[in-house]
Amino acid sequence: MKMKPFIIFIFVLAGIFFRQEGLIAGFPDTITSDTCKINLLNDLAYEQFYNSNLDSCLYFATRALTISDSLLKSEQEKSNKQYLNRCRILKARSLTNIGRAIVNRNLEMALDTMQVALRIIRETGNKYEEASIYTAIGNIYDFNGRHQLAREYTLKALDLFREVGDSASYAMQLTNVAITERNLGNYGDALAKLMEALKISEELKDTANIIEIHLAMGFVYAFIEQWENALNSQGKALEIFTQLDDSLGIARIYNDMGVSNTSAGKLDDALKFHQEALKIRLNSTDNYSTFASYAYIGNILANKGNYAEAVYNFEKGLHYAQLSGYKIIILDAHMILGECYLNLPDTNKAMDQFLTVIELSRETGDDTGELRAAINIASIYLNRNEHRQALKWLQQAEKAASRAPMIYIKEVYDKIAESYFKLGDYENAYLNRLKFDEVKDSLAISENLEKITRLTNKLEFENKMALQKESNEKMMAIKQAQINRERLTRNIFMSGMVLALVLGIITFVRFLEKKKLNNKLNVTLTNLRNTQTQLVHAEKMASLGELTAGIAHEIQNPLNFINNFSEVSNELMDEMNEELAAGNQQLAMEIANDIKQNLEKINHHGKRADAIVKGMLQHSRTSTGTKEPTDINALADEYLRLAYHGSRAKDKNFNAIMKTDFDETIGNINIIPQDIGRVILNLITNAFYACAERSRSADNEKNNSTNSILHEQKYRPTVTLKTKKINNKVEISVRDNGNGIPQKVLDKIFQPFFTTKPTGQGTGLGLSMSYDIVTKGHGGELKVNTREGEYAEFIIILNA
Amino acid sequence: MKILVVDDEKDVQVLFEQRFRKDIREKRFEFVFAFSGEEALDYLNQNQQEAVLILSDINMPGMSGLELLGKIKQKYLKPPPVVMMITAYRDDENYNMAKKLGADDFLTKPLDFNLLKEKLNHRT
């Protein structure tokens, strides 16, 4: 009854959702409407699938496939890679739904279709979608009793969900895996996995899955004949469904409790539960579940020896099985009806049922079904003393037995031996008796196997039904949960809109006020900017002043050589001429060599002076702002010398040990040389200043007015300049062993205008400019390490 | 006369050897070179009193010329050798400091070798 508004709601939601998706993903209009159509068709197909309307499911899925096919083709032609994967996913989803739709008609074809979907989805690399297809394939195998394959695929899906990191899907899939483990008789594993899934789901508050887990646990407990535990788990699930007021869910629990009670031997209780479940289900469109309830009731009545009433229920069940359209279920309905007729006994009617089963089992490839029907037919013939006919069916059963549970094979050999015996063919009877014993022995050896087989036999179709129900109702619960979520999101969105509107009005009023304020602020800002420009210039000039002394010294040295070497060369020329006149060829040549050497030196020192002047010009000039490949070691070395002589020029007493440790593997790095040079200069000048400060305080402590340089000072001012390449970064570190930086000013040192120097001595812009140059100008880092009274180390980190 | 020249600029050696080539040839002067203050002290410690005249640059990394001067004049050698200071700065502060520390003379860069020769000849 809930279904109609439910579907309409899906439509509305889908409309909203896909329109938004179209906008977000930026799909062109035609694509948007097509993807929208495909999504709706696939939703409808799924809807129909879970309502067991497989023909409608196939109809919608095929339409979805047709549109997604042509969309995919047109995108491939346009080689529009952006949407290609989206289209592939749509096609794969359509194919998966087609697979679901035809599973009852042609299992192999359904599986093939799923495999095609899998191939397409692998091209997109979308793990989530791939996992979903694995889940669908796993469900198909499970439904058809191929538990090993089912396990394989559910595990594949589980791994992918883990990889994707979707814990809700992971927990859900863990439940699926547990169910396949259970079907394989690995009850311990099944329970362990269910516990894990329960833990995750409880954390996620995923009610839908929590119910699933309780139900699945109930089944496992039933299988290991712990009825109390089974009923306990089911009770928990019932509680949740009751809270949710979910009548179909309640019916399902009644159903499962019925199964548990049946297994516990409490047939009357079981009957009551199944009848309650049936009452609810008769009001639903779920023919499937209605069949199951009739079948359970029939079984219990048959167990109680009430075959007439059992037959009535089985016939009702068959009717609903046929309405469901699932051939595998129809087959089961015929089988149980046949077996009931056999007990009635009405062998003619039984025979009709079994012949139908044979027919259906060949269509669906259900070996177990064929085997069971063949054995039943054979036993009818045996009862009629038609041994040759019996043998014919038994031999057919033997052929089908290869993939069926062992218990049936045993029965086949037992009956074959009996037939031969009755026919007087003792040799063959003996041989088949031997085979029977063999099978029986191997069964006896593995008691567990026997137990499992017995239980599987007993609960086979119940199991199948439960599985189908589990997956169907699970999907429904998930869908409902999704809708609730989306509804919630939409509500949040709506209230968000109202809030935004109110805020908008407030903002507009504020905007008018702000506008006035802004005009004032703009004026202030312009003034500030001018001041800042002046200050930056002042900082530059200040550091230029520091440089000048250094530069003077640096220039005097090369000039000294240039002047003197040129003078001495002039003298040497005269000497050379004298020697030539005297005929001392050898001496004249030696002098000529000296002159040549001198000219080279003059050239070298001339270039040196040139570089110094250029460096000075670069420093005073505004940065060109262009990065160029620069030898960072040469740059650092040059500025170290400039800074040293600058400090020396300022403070005659100053001296420091300079240590350099250059990493020669760095090569050229792309930087604005004059900017980084300025940073290095600034850091080194600071380092020297720190050393000088500590020297001064050390001298004062000695309280000695005479010349400090004469003392055997324990403190050796040392500045270390280091470059190092680390991976793709280059570190330039400047470390001094001065007084360090006090913790309380550490977070201020990069702020503009912060300085520890006496008023008038520092602009307070050195480090803040350095910081901006390194971080904003070069995308690097400027870090500081310090310990008070011991050292300070600044590290420039640049990209190599 | 043995003269110790102290300067961190290595080309100073070639310059002196060429400028004083005649004096060296005629053995009037003998030159020894040290490229840092520390190196100069090492040399003086190993060769007591050998050098009677020291010519030192002031601006050098590590031990400065003034520091070296102080050590030579007040701590190491008795009687102390003649020490002449050379600097790139023609400023009073450096000059006064050098004088205070006992420098015998003061020269500025670029070095006037004719003047230096005169002073050296005057000392011998």
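The values are calculated or read from the model by the stated rules, or taken from the named source; none is laboratory data. Since the structure is predicted, the reported quantities are computational estimates derived from the model, not experimental observations. Counting neighbours? That spans all protein chains shown, and the Cβs are built from the backbone with ideal geometry, glycine included. Ligands, DNA and RNA are stripped out before the accessible areas are found, and what is left, the full protein with its side chains, is counted by its heavy atoms. Shrake-Rupley method; radii C 1.70, N 1.55, O 1.52, S 1.80 Å.
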Check your understanding: Per residue, what accessible area does the stretch A:116-187 have, given a 1.4 Å probe and all protein chains present, in Å²?
Key -> 36 Å²
Check your understanding: Counting only the heavy atoms of the protein chains, how much of A:K37 is accessible to a 1.4 Å probe, in Å² to the nearest 10?
Key -> 100 Å²
Review point. What area, in nm² and to one decimal, does the C-alpha convex hull of the stretch A:23-125 cast on average over all directions?
Key: 6.3 nm²
**Study point:** Nitroxide proxy distance, nm - points 7 Å out along Cα→Cβ at A:Q275 and A:M195
**Key:** 3.9 nm
Review point. What residues have an amide H closer than 5 Å to that of B:T108, excluding those fewer than 5 places away on the same chain, when H is modeled at 1.01 Å from N in the peptide plane?
Key: B:T87
Study note, to complete from the structure: Phi angles of the stretch B:29-40, converted by Karplus (6.51 cos²θ - 1.76 cosθ + 1.60, θ = phi - 60°) into ³J(HN,Hα) in whole Hz with x for Gly and Pro, give 10, 10, 10, 10, 10, 10, 9, 7, x, 4, 4, 5
Review point. Taking the radius of gyration and the Kirkwood hydrodynamic radius from Cα positions alone, what is the Rg/Rh ratio for the stretch A:145-203, to two decimal places?
Key: 0.97
Review point. Which residues make up the longest stretch of chain B clear of GluC sites (Glu not before Pro) that lie in a DSSP loop with no more than 14 other Cβ atoms within 10 Å, not counting the sites?
Key: B:51-124
**Study point:** Neighbour-limited loop hits for GluC sites (Glu not before Pro), the stretch A:771-800 (at most 13 other Cβ within 10 Å; DSSP other than H, G, I, E, B)
**Key:** A:E788, A:E790
Review point. Can you flag which of A:K714/B:K117; A:K37/A:K236; B:K10/B:K119; B:K27/B:K119; A:K714/A:K748 are past 29 Å Cα-Cα?
Key: A:K714/B:K117; A:K37/A:K236; A:K714/A:K748
Check your understanding: Using protein heavy atoms only (no ligands, DNA or RNA), what is the total accessible area buried between B and A, 1.4 Å probe, nearest 100 Å²?
Key -> 3200 Å²
Study note, to complete from the structure: As straight-line cross-link partners of A:K722, the qualifying aspartates and glutamates (C-alpha separation under 17 Å, not fewer than 8 residues apart within one chain) are A:D631, A:D637, A:E638, A:D661, A:D663, A:E664, A:E731, A:D736, A:E781, A:E793
Review point. Rounded to the nearest 20 Debye, what is the dipole magnitude of the stretch A:206-281 about its Cα centre when Lys and Arg each give +1 and Asp and Glu each give -1 at the C-beta?
Key: 200 debye
Study note, to complete from the structure: A student applying the Cα gyration tensor rule (rounded when a/c is under 1.5; otherwise prolate if a/b is larger than b/c, oblate if not) would label the stretch A:206-281 oblate
**Study point:** Tensor-based shape of the stretch A:235-318 (alpha-carbon gyration tensor, a/c under 1.5 rounded, otherwise prolate or oblate)
**Key:** oblate
Review point. Can you pull the percent of Cα pairs in the stretch B:2-123 with separation above 24 Å?
Key: 19 percent
Study note, to complete from the structure: Treating only Lys and Arg (+1) and Asp and Glu (-1) as charged, each at its beta carbon, one finds that the stretch A:145-203 has a dipole about its Cα centre, in Debye to the nearest 20, of 260 debye
